[in-house]
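To keep things clear, I will list the structure first and then write my remarks on it.
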Amino acid sequence: MDRRHLLRLLGTATAAPLFDGVPFLSALGDTIGASPRPRLARAPLRLAPVVRGPEFTLRAQERVVEIAPGVNARVWSPGDGPVGPTVEARAGERLKIRLENALPEHTILHWHGLRVPEAADGHPRLAIASGQHYDYDIPIIDRAGTYWYHSHAHHRTGIQAYRGMAGLFIVRDEHESQWQLPAGAHELPLLIQDRRLTPTGEFEYNPVMHEVMEGYFGDTPFVNGIRLPIHDVETTTYRLRLVNATTSRILRLALSNGASLQLIGGDGGLFERSETVDSIDLATGERADVLVDFSKVPVGQSVSLVSQPFPSPVNGMGMGMGRGMGMGMGMGRMGGGGIPQGGAMTLLEFRVVHGVTPKPWASPLAMARTLAPPERSTRSPARTRTFRFDSMAMQHTINGRTFDMERMDVTIPFGETEIWQFENASPFPHPVHVHEVQFDVMQRIGGRGRIMPWERGPKDTVLVMPGEQVRVRVIFDAYRGRFLMHCHNLVHEDAGMMLNFEIV
């Protein structure tokens, strides 16, 4: 991270008093701890409007929108609501999307998880200034699945996505259609975020020193841009398309009544078989496709989608001022705010209001058959590359270097199959995202030591905990050009934990 960018992250904190020799960054801390939080009633969940091709325009601008009953906030959004519209396309279709920038700064959109030509990927060097537009030409070559899009502006991805520059992207195809999965009102695309609110209800994003290292955590959950939403459901099965669009938070998704989730898909679409799980861990950028059965919940009662508590994954202080100082959950949170990593959160309340007869396909047994095995090359890997993620001395690096817009870090022959090994040498979790590919998770060494159920299918983002090594099999056979690999903790990404690779 260059000095100028570090000072921008830390603001005027250099003048703040010291705490045990470490600047106490009260000048940048949130004001909620000293002032009452806004008291907001639960709001009905809103599903973002759907836009379809072959051509349409997204206009990014500041808007004042309602985020809870009677409470408005200023958002930056490529749509008319608190987040962007849901883009829906079919495999084989070709979309032409114009992005108009009416924001007061540069921006660009990345289509997360989709394999697209270099010019359409949203590399930060392609960001457009206020008043300009950018035209995307996107052939849909990927399987049916839940993808998403978000800002990828240089050093500004975190704050722009936090303010609303994000949305869902759903691809459908004929193979998925034959399964007659829950659809219409029984299919819920859910973009999950967490934010902090000032006493007036405005969003606050000011990472202080330890948050530059660990990540930025909100104190309030949002789904589809709505604070603490509630949604009326029937006594049948629903399909939830879950996207972790938080800045830094790992979500341990579960149901408040202890009922199981039927996991049917992940980052790259439907799995080969469904699996019953009690909870799902999703890091920033990851997705899960699940079925939830409300048939056994009495009418009039509620069940919530929650993020269960779990021990902090932070090893020691990790602030680069001497590891092992034990500030992960105690002093390490001084000067910041929000619910810490691993803290419990109630994300969305489902209120059962109508009894119906469940459809036959709603049974988990019906979904235990083979679903949609992806077509994958069996070619042997040509080589193994190792990428070491580290965070110390106020730096986030890959193989010892921070991001340089023009430097080419890795060159790959088109059509190659490789093993990429991600090693987390830092005290913090790193969700590693690779643009332009869907990879297979082959092995996890150390830490949790196994492949998780939600990692069985094609993925573009994988969580690497401190001390873990994760090996993935990557095939570079879609497009030539320059693309990115980075940590999807957006604070880490903005601080330089990113590299360029080129497919030639």
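The values are calculated or read from the model by the stated rules, or taken from the named source; none is laboratory data. Quantities reported herein were computed from a predicted structural model and do not represent experimental measurements. In this analysis, Cβ positions are derived from the backbone assuming ideal geometry, glycine residues included, and neighbour counts consider all displayed protein chains.
Checked against (1) among the hydrophobic types (A, V, I, L, M, F, W, C); (2) crowded, with 22+ Cβ neighbours inside 10 Å; (3) touching an Asp or Glu at 6+ places or on another chain (Cβ under 6 Å); (4) more than 27 Å from Pro313 (Cα to Cα), Leu263 meets all criteria but (4). Looking across the stretch 286-315, not a single residue is in contact with a Pro (Cβ under 7 Å, 6 or more places away or on another chain), of a type in the set (Ser, Thr, Tyr) and buried (at least 23 other Cβ atoms within 10 Å of the Cβ).
Filtered by the rule that a residue be surrounded by fewer than 20 Cβ atoms within 10 Å (Cβ to Cβ), assigned to a loop (DSSP other than H, G, I, E, B) and either at negative phi or at pLDDT below 95 (or both), the stretch 90-117 gives Ala91, Glu93, Ala102, Pro104, Glu105, His106, Pro117. Among the strands (runs of 3 or more DSSP E) confined to the stretch 385-458, the ones with at least 2 residues that are over 21 Å from the mean Cα position of the chain (by Cα) are located at 410-412, 417-424, 440-445. Restricting attention to strands (runs of 3 or more DSSP E) lying wholly within the stretch 160-263, give those where 1 or more residues are in contact with a Phe, Trp or Tyr (Cβ under 7 Å, 6 or more places away or on another chain) and in contact (Cβ under 8 Å) with a residue 24 or more places away in the chain. Filter on the stretch 160-263 gives 166-172, 187-197, 229-234, 237-244, 251-255.
Of the numbered criteria (1) at pLDDT 95 or above; (2) more than 24 Å from Ile339 (Cβ to Cβ), the one Glu275 fails is (1). Residue selection: Val83 satisfies the criterion of being aliphatic (A, V, I, L, M) and part of a loop (DSSP other than H, G, I, E, B).
Looking only at residues of the stretch 208-247 that are touching an Asp or Glu at 6+ places or on another chain (Cβ under 7 Å) and basic (Lys, Arg), we find that the one that is farthest from Val75 (Cα to Cα) is Arg239. Picking from residues in the stretch 179-212 that are surrounded by fewer than 21 Cβ atoms within 10 Å (Cβ to Cβ) and among the polar types (S, T, N, Q), the one that is nearest to His231 (Cα to Cα) is Gln180. Mind listing just one residue for me: the one in the stretch 441-459 that is surrounded by 19 or more Cβ atoms within 10 Å (Cβ to Cβ) and charged (D, E, K, R) and, of those, farthest from His123 (Cα to Cα)? Across the stretch 441-459, the extreme among qualifying residues is Arg444.
Of all residues assigned to the stretch 460-470, none qualifies as being surrounded by fewer than 19 Cβ atoms within 10 Å (Cβ to Cβ), closer than 19 Å to Ala288 by Cα and in contact with a Gly (Cβ under 9 Å, 6 or more places away or on another chain).
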